[in-house]
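Peer 1: Below: one structure in structure tokens.
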There are 2 protein chains.
Amino acid sequence: MANYEQLRLSNQLCFPLYVCSKEVVRKYKPLLDELDLTYTQYITMMAMWEHEQLSAKELGTILYLDSGTLTPVLKTLEKKGFVERQRSKDDERSLIISLTQDGKALQDRAASIPEAMGKCIDMDLEDLQTLHRLLHKFMDTSIK
Amino acid sequence: MANYEQLRLSNQLCFPLYVCSKEVVRKYKPLLDELDLTYTQYITMMAMWEHEQLSAKELGTILYLDSGTLTPVLKTLEKKGFVERQRSKDDERSLIISLTQDGKALQDRAASIPEAMGKCIDMDLEDLQTLHRLLHKFMDTSIK
DNA sequence: ATCAAATCAATTGTACACAATTTAATTTAA
DNA sequence: TTAAATTAAATTGTGTACAATTGATTTGAT
């Protein structure tokens, strides 16, 4: 009789990661709807707010997304007027993404989101900080 | 001059959750390929290995998935011969999912996956246990 | 200088994920 | 007791995600 204890859902690390990630994204939805952004578009804009201008390649590295995902996201954000896409003069392979004025203005409207999300999370600050630290440690040590 | 510190990617909790979740699922892929399962199909099978028989509704509650996601996953698993789908006699609205013999046998082949995944994660046991505990706490206190 | 290897964005194909709606069955309440 | 409300699965539509491939450009080794 084999022991399948390690195959129980409650013993996995992957499963609560997967569930928490999905549910957090779902909690963002009503807030992001007001900005006409999906979650993926939101984190893309967060990267752009920090950097003003990035190549698609750099964005992919920052966001852990490949071109198959980013290409349509960036085209959508361009259509919405939040970024511009243009080929690099230096290297025609590279696509430069730049924040537009509307994209910059959007940051003001997004400024209240982190606090609003914080109110949805009913955990004390110490636990949240530990969780944040361990997730980053996990990213740094166990990915790629 | 507004302070957008709270909008930085590195200050979000959602973003490392999202990245870790995706990257863990990606790490599973080569192992799950051998069983001809996707990650979503894998956690569905984990639930079935624990319960033998569940309604689609119960599965959705356990896995935090709605019928829009589960319906095609369950049809695929039925096509692969791992589960059977049949309407409940008591309540024709309800769909009963049962593990087949092939589905049961698959558990043996999956038994080595948790250990193989463990070897990919280069964090000490205490951190992993803390992470596991905090993710479950997060799920319990901050979702729905 | 030249051409093979590498790089980058885009495309293709498969599989979620979820909101919203639909359809059918069951339960509840007037 | 039957009409309204609820429940459950399926469907529809949109938007990721990612592996694999393609096509254009650049780099690097000879």
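Taken together, the values in this text are just the output of simple stated rules run on the coordinates, not laboratory data. Here the structure is a predicted model, which is why all the values come from computation and not from measurement. Glycine also receives a Cβ, built like all others from the backbone with ideal geometry; neighbour counts cover every protein chain displayed.
Peer 1: Given only helices, namely DSSP H runs of n ≥ 4 each adding -39500 (n - 2.57), what is the per-residue ellipticity at 222 nm of chain A, to the nearest 500 deg cm²/dmol?
Peer 2: Calculated mean residue ellipticity at 222 nm is -19000 deg cm²/dmol.
Peer 1: Can you list residues from other chains, or at least 5 along the same chain, whose modelled amide H is less than 5 Å from the amide H of A:Ser55?
Peer 2: Correct list: A:Ile97.
Peer 1: Apply the Karplus parameterisation 6.51 cos²θ - 1.76 cosθ + 1.60, with θ equal to phi minus 60°, to every residue of segment B:119-129 and state each ³J(HN,Hα) to the nearest whole Hz, in sequence, with x for glycine and proline.
Peer 2: Along segment B:119-129, the couplings run 5, 7, 9, 9, 10, 6, 4, 5, 4, 5, 5 Hz.
Peer 1: Additional query: Angle, helix A:67-79 long axis vs. longest principal axis of chain A, Cα atoms, 0 to 90°, nearest 10?
Peer 2: That works out to roughly 50 degrees.
Peer 1: On to the next question. Taking the mean number of other Cβ atoms within 10 Å as a proxy for protection, how do you rank A:95-105, B:3-13 from highest to lowest?
Peer 2: My ranking of the peptides, most packed first, is A:95-105, B:3-13.
Peer 1: Shifting gears a bit: Rounded, prolate or oblate: which fits segment B:1-62, taking a ≥ b ≥ c as square roots of the Cα gyration tensor eigenvalues, rounded meaning a/c under 1.5, else prolate when a/b beats b/c?
Peer 2: oblate
Peer 1: For the Cα atoms of chain A, what angle does the longest principal axis make with the long axis of helix A:101-110, in degrees from 0 to 90, nearest 10?
Peer 2: On a 0 to 90 degree scale, this one is about 30.
Peer 1: To confirm my reading of the symmetry, which residue of chain A has the Cβ nearest the axis that brings A onto B, and what whole-Å distance does it have?
Peer 2: Result for the axis mapping A onto B: A:Ser21, 2.
Peer 1: A follow-up question, please. Can you list the copy-to-copy distances for A:Lys22, using a point 7 angstrom from Cα toward Cβ, in nanometres, shortest first?
Peer 2: 1.7
Peer 1: If you place +1 on the Cβ of every Lys and Arg and -1 on the Cβ of every Asp and Glu, how big does the dipole about the Cα centre of chain B come out, in debye to the nearest 20?
Peer 2: Result for chain B is approximately 440 debye, rounded to the nearest 20.
Peer 1: 7 Å along Cα→Cβ for the label point: how many nanometres lie between A:Asp33 and each equivalent label in the other copies, listed shortest first?
Peer 2: The answer, with the shortest distance listed first, is 4.0 nm.
Peer 1: Output, in nm with one decimal and in ascending order, the distances from the A:Asp122 label point to the matching label points of the other copies (7 Å from Cα along Cα-to-Cβ).
Peer 2: Label-point distances to the other copies, shortest first: 4.0 nm.
Peer 1: Give me the distance between the Cα centres of segment A:30-47 and segment B:34-83, rounded to whole Å.
Peer 2: First find each Cα centre; the distance between them is then 30 Å.
Peer 1: Okay, moving on. Once you sort the root eigenvalues of the Cα gyration tensor of segment B:1-120 as a ≥ b ≥ c, which label holds: rounded (a/c under 1.5), prolate (a/b larger than b/c) or oblate (the other case)?
Peer 2: oblate
Peer 1: Hey, if you put +1 on the Cβ of every Lys and Arg and -1 on every Asp and Glu Cβ in the protein assembly as shown, which of A:Met117, A:Gly103, B:Asn3 ends up farthest toward the positive end of that dipole?
Peer 2: The residue sitting farthest along the positive end of the dipole is A:Gly103.
Peer 1: How large is ³J(HN,Hα), in whole Hz, for each residue of segment B:5-21 in order, when computed from phi with the Karplus curve 6.51 cos²θ - 1.76 cosθ + 1.60 and θ = phi - 60°, using x for Gly and Pro?
Peer 2: With the stated coefficients, segment B:5-21 comes to 3, 6, 9, 6, 3, 6, 9, 7, 8, 4, 5, x, 4, 4, 5, 4, 4 Hz.
Peer 1: Checking the table A:Lys29/B:Lys119; B:Lys79/B:Lys137; A:Lys75/B:Lys119; B:Lys27/B:Lys75; A:Lys27/B:Lys104; A:Lys22/B:Lys80 against a 32 Å threshold on Cα-Cα, which pairs fail?
Peer 2: Pairs exceeding 32 Å: A:Lys29/B:Lys119; B:Lys79/B:Lys137; A:Lys75/B:Lys119; A:Lys27/B:Lys104.
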